[in-house]
Amino acid sequence: MSDRSDHNGAGMKLANGSRVAVVGGGPAGSFFTIFALDLAERTGLELEVDILDPKDFHQAGPAHCNHCGGIVSESLVQILAAEGISIPTTTVHRGIDSYVLHTDAGSVRLETPLQEMRIAAMHRGAGPKGAAVPSGHLGFDGFLQGLAVGKGARLVCDAVAGVEFREGRPELIGRNERYGPYDLVVGAVGLNPHSLKVFENALGRYRRPTAAKAAICEFRLGADSVHRCLGNSMHTFLLNLPHLTCAAVIPKGDYATLVVLGSRVDKTLLQSLLRSPALKALLPDGFVAEEKPACQCLPQLNVQAATHPYADRFVMIGDCGVSKLYK
Ligand SMILES: Cc1cc2nc3c(=O)[nH]c(=O)nc-3n(C[C@H](O)[C@H](O)[C@H](O)COP(=O)(O)OP(=O)(O)OC[C@H]3O[C@@H](n4cnc5c(N)ncnc54)[C@H](O)[C@@H]3O)c2cc1C
């Protein structure tokens with residue numbers, strides 16, 4: 001029953017009626033689905049695509065969010081527009097026109113050449129914990145997932161906990177039921193350690209990417225304070241603080257998102273950063289370092305790509321397969 005031997009590559013070409021599973025409905029899984037179904041339609045190929053993900057991007061809070069700074073670069077916004085994908089104005093919480101670099105020696109503003117505010121600041125999920133989300137408003141991941149479903153994919157709310165093989169084709173063991181068998185399984189599980197283990201076991205030679213711990217805090221300052229203090233800039237910090245690599249503060253509607261990267265990201269580092277003269281000068285009067293964020297998380301950041309991110313009938317994409325440059 002659990003036999004992963006195939007037919008030496010024969011019969012592995014996708015054909016009409018082939019079944020594809022996309023495990024993980026974050027940006028990588030949704031983009032794969034959108035473009036795969038587009039290409040299939042253009043070539044007259046009928047594919048059945050299932051996207052499996054336990055998160056509900058209509059709900060606010062960290063359990064239903066793929067934790068991130070939420071900056072989408074001008075180049076990506078333009079590439080998406082060229083593909084006919086326009087990010088809705090209700091998803092973009094701020095158009096960014098400049099980066100301000102703060103150091104212990106002073107600050108410098110780097111304007112975008114055309115000041116068209118095409119760098120988008122967004123929430124990945126519906127919003128921070130406790131946020132009132134107007135009906136129909138989606139974060140970036142929910143918007144993309146909606147497009148993928150609109151192309152014909154079936155969304156399955158389940159987490160994959162194992163893979164077994166039936167006559168050489170993978171079946172996915174979910175929490176609720178068993179899915180497949182599939183002709184192709186696309187792993188798009190981000191950096192979730194349990195999920196990476198599932199794919200290391202299934203693919204054989206695949207080894208997960210190297211990851212570092214980061215922190216994200218959402219402070220609810222109110223739209224006026226956010227506008228007055230941060231304007232339309234993403235503020236980045238290179239400060240001489242122990243264990244700090246860099247930090248950023250990003251304006252988004254009522255919230256300022258603090259992102260921290262470092263060799264040891266913990267409460268001590270967050271407190272010393274929030275007490276630093278550079279941060280104090282930026283944040284509103286009366287903001288105290290002990291202020292409790294409305295929402296916070298300690299996500300993993302991909303710093304080195306995986307090895308062997310493919311095998312017969314499997315491909316690993318997005319954070320679980322490759323690493324990318326950050327702004
Ligand atoms: C602190 C921080 C700040 C960042 N800031 C930015 C930024 O400003 N701009 C930018 O472009 N990038 C940023 N990134 C990187 C960005 O978050 C990732 O590159 C991006 O989320 C990767 O997308 P993905 O679809 O590969 O994975 P993810 O977004 O992690 O999505 C993975 C999906 O898989 C699902 N999943 C996991 N396991 C299973 C399973 N077993 N079964 C089913 N589903 C599963 C999860 O629920 C999730 O929805 C940041 C990252 C960090 C850590």
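The values are calculated or read from the model by the stated rules, or taken from the named source; none is laboratory data. In this text, all values refer to a predicted model and were calculated from it rather than measured experimentally. Quick reminder, even Gly has a Cβ in these numbers, built from the backbone with ideal geometry, and neighbours come from all protein chains shown. With ligands, DNA and RNA removed, areas are computed over all heavy atoms of the protein, side chains included. Shrake-Rupley method; radii C 1.70, N 1.55, O 1.52, S 1.80 Å.
Would you rank LYS267, LYS55, LYS151 by solvent-accessible area, highest first, keeping every protein chain in place and using a 1.4 Å probe?
LYS267, LYS151, LYS55
Top mean-square fluctuation among GLN59, GLN271, GLN296, Gaussian network model of the chain, C-alpha springs under 10 Å?
Result for the chain, Cα springs under 10 Å: GLN271 fluctuates most.
Ordering CYS157, CYS297 from largest to smallest accessible area (1.4 angstrom probe), what's the sequence?
The residues order as CYS157, CYS297, largest area first.
Within region 160-293, what whole-number % of the accessible surface is contributed by carbon and sulfur, with the 1.4 Å probe and all protein chains included in the calculation?
Taking all protein chains in place, region 160-293 shows 49 percent carbon and sulfur surface.
With a 1.4 Å probe and every protein chain left in place, work out the accessible area per residue of region 86-200 in Å², rounded to a whole number.
Ligands and nucleic acids excluded, the figure is 48 Å² per residue.
For region 49-119, which GluC sites (Glu not before Pro) are both in a DSSP coil and crowded by at most 15 other Cβ atoms within 10 Å?
The qualifying sites are GLU83, GLU116.
Throw me the Rg/Rh for region 115-169, computed over C-alpha atoms with Kirkwood Rh, two decimals.
Result for region 115-169 is an Rg/Rh of 1.16.
Using Cα positions and a limit of under 22 Å, work out the lysines in reach of LYS324, with same-chain residues fewer than 8 apart set aside.
LYS197, LYS213
With a cut-off of 8 Å between alpha carbons and a minimum separation of six or more residues, what is the relative contact order of region 83-211 in percent?
Taking the mean separation of contacting Cα pairs over the length of region 83-211, I get 14 percent.
State the volume of the convex hull built on the alpha-carbon positions of region 238-311, expressed per residue in Å³ and rounded to an integer.
So the per-residue Cα hull volume is 131 Å³.
In µm²/s, what is D for region 192-327 at 25 °C and 0.890 mPa s, where D = kT/(6 pi eta Rh) by Stokes-Einstein and Rh is the Kirkwood radius from Cα pairs?
147
Could you give the dipole magnitude of the chain about its Cα centre, charging the beta-carbon of Lys and Arg +1 and that of Asp and Glu -1, in debye to the nearest 20?
Taking the Cα centre of the chain as origin, the dipole is about 660 debye.
Take TYR310 and SER263, extend 7 Å from each Cα along the Cα→Cβ direction, and tell me the distance between the two endpoints in nm.
Taking the two extended label points, one gets 3.7 nm.
With each pseudo-label sitting 7 Å past Cα toward Cβ, what's the ALA15-VAL322 distance in nm, one decimal?
3.0
Go from 0 up to the bin containing the longest alpha carbon distance in region 1-107, width 10 Å each, and give me the % of pairs per bin.
In order of increasing distance, the bins hold 10, 28, 30, 18, 9, 4, 1 percent.
Taking the full set of protein chains and a 1.4 angstrom probe, give the accessible area of GLU46 in square angstrom, rounded to the nearest 10.
GLU46 has an accessible surface of roughly 130 Å² with all protein chains in place.
Of ASP104, ASP183, which has the most accessible area with a 1.4 Å probe, and how do the rest follow in descending order?
Putting ASP104, ASP183 in descending order of accessible area: ASP104, ASP183.
Compute the Rg/Rh shape ratio of the chain: radius of gyration over Kirkwood radius, all on alpha-carbon atoms.
That ratio is 1.01, to two decimals.
Put +1 on the Cβ of each Lys and Arg and -1 on the Cβ of each Asp and Glu in the chain; which of ASN176, THR89, LEU273 then has its Cα farthest toward the positive end of the dipole?
Toward the positive end, the furthest listed residue is LEU273.
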